[in-house]
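Everything on this sheet refers to the single structure shown next.
The values are calculated or read from the model by the stated rules, or taken from the named source; none is laboratory data. Values in this document were obtained by computation on a predicted structure and should not be read as measured data. Every residue, glycine among them, receives a Cβ derived from its backbone with ideal geometry; neighbour counts consider all protein chains shown.
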Amino acid sequence: MRKNLVAGNWKMNMTLQDGLALVSEITNMVQDEVTGSDVQVVICPPFPFLSAIGKQLPEGGRFHLGAQNCHQKESGAYTGEVSARMLQSVGAEYVILGHSERRQYFREDNELLSQKLKAALAAGLKPIFCVGESLETREADDTFNFISQQLKEGLFHLSNEEFDQVVVAYEPIWAIGTGKTATSAQAQEVHAFIREQIARAYDAEAAENTTILYGGSANAQNARELFSQPDVDGGLIGGAALKSRDFTEIIKSF
């Protein structure tokens with residue numbers, strides 16, 4: 001059965017001290033206020049904070065540590081880069097791959113991301129693989145073709161066993177950091193399409209078991225309606241993940 005999951009992507013924000021304080025607030029709030037729900041929570045801080053944040057997360061429960069990216073090689077002369085094995089060695093369980101900002105600002109394409117997926121899986125990490133269209137693509141009525149290509153070229157080369165470890169996140173790029181949010185119907189339409197593509201590439205069981213997150217400016221006000229959609233299994237949260245009360249309310253939306 002697929003999991004309900006909320007992942008907080010801190011991006012390039014916070015100091016270590018701020019991050020430790022934020023995690024303390026979130027974990028205390030969630031432990032006090034979230035009952036009767038098996039929702040899983042992934043905290044994705046910047047690389048330098050991973051070890052310290054991971055040590056502060058409660059063990060054996062709903063909280064997990066994630067990274068925001070990894071290199072495609074296991075090791076080597078790649079100054080400034082971080083490998084999947086390094087992330088795993090400091091306690092990371094998840095890694096975000098193919099975020100729209102990585103695709104846009106660092107020119108990461110589907111071929112490169114397919115290599116990163118393999119590296120992450122080989123290190124024992126669970127990838128959160130992002131897909132999504134720009135406003136230009138949506139207005140050209142090409143959303144489904146565009147996302148289908150991202151899935152086929154970046155993700156569907158995996159074996160069934162490898163794919164079982166993957167979480168998919170749908171990011172309508174036009175709704176990230178703009179204050180715009182896809183309506184719950186728009187989100188559901190694309191999530192259902194992604195699940196249909198998974199069923200075609202693998203099988204119905206794989207599609208049914210895959211967690212698909214919504215990653216487009218979800219917040220404390222709209223999360224409950226978004227998460228109530230049958231194919232929306234949680235959220236990849238940006239700005240609201242930096243506010244303990246907002247993030248906790250999103251988690252409570254289940």
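Points worth noting:
- Number of the exception - A67 against (1) over 17 Å from the mean Cα position of the chain (by Cα); (2) surrounded by 15 or more Cβ atoms within 10 Å (Cβ to Cβ); (3) not acidic (D, E): (1)
- Residue in segment 131-138 that is more than 20 Å from Y214 (Cβ to Cβ) and either of a type outside the set (A, V, I, L, M, F, W, C) or part of a helix (DSSP H, G or I) (or both) present: yes
- Exclusive hit being under 29 Å from M1 (Cβ atoms), assigned to a loop (DSSP other than H, G, I, E, B) and in contact with a strand residue (DSSP E or B) (Cβ under 8 Å, 6 or more places away or on another chain), set G91, G66, G54, G60: G91
- Residues satisfying the stated conditions in segment 152-192, i.e. farther than 19 Å from Q115 by Cβ, out of contact with any Ser or Thr (no Cβ under 8 Å at 6 or more places or on another chain) and part of a helix (DSSP H, G or I): N160, A185, Q186, A187, Q188, E189, H191, A192
- Residue match in segment 72-80 (condition: modelled with pLDDT of 95 or more and either part of a helix (DSSP H, G or I) or within 15 Å of the chain's Cα centre (by Cα) (or both)): no
- A single member of T211, T181 is among the β-branched types (V, I, T) and more than 15 Å from the chain's Cα centre (by Cα), and it is T181.
- Note on segment 200-254: enclosed helices (runs of 4 or more DSSP H) holding 1 or more residues that are among the small types (G, A, S) and either surrounded by fewer than 18 Cβ atoms within 10 Å (Cβ to Cβ) or at pLDDT below 95 (or both) are 204-209.
- Residue list for segment 162-180, restricted to those being out of contact with any Pro (no Cβ under 8 Å at 6 or more places or on another chain) and closer than 22 Å to V42 by Cα: E162, F163, D164, V168, A169, Y170, E171, P172, I173, A175, I176, G177
- Residue match in segment 129-140 (condition: of a type in the set (K, R) and either touching a strand residue (DSSP E or B) at 6+ places or on another chain (Cβ under 8 Å) or farther than 18 Å from Y202 by Cα (or both)): yes
- Test: residue in segment 136-152 that is closer than 21 Å to Q88 by Cα, modelled with pLDDT of 95 or more and either of a type in the set (D, E) or crowded, with 17+ Cβ neighbours inside 10 Å (or both): no
- Only one of the numbered conditions (1) of a type in the set (S, T, Y); (2) in a loop (DSSP other than H, G, I, E, B); (3) at pLDDT 95 or above is violated by S114, and that is (2).
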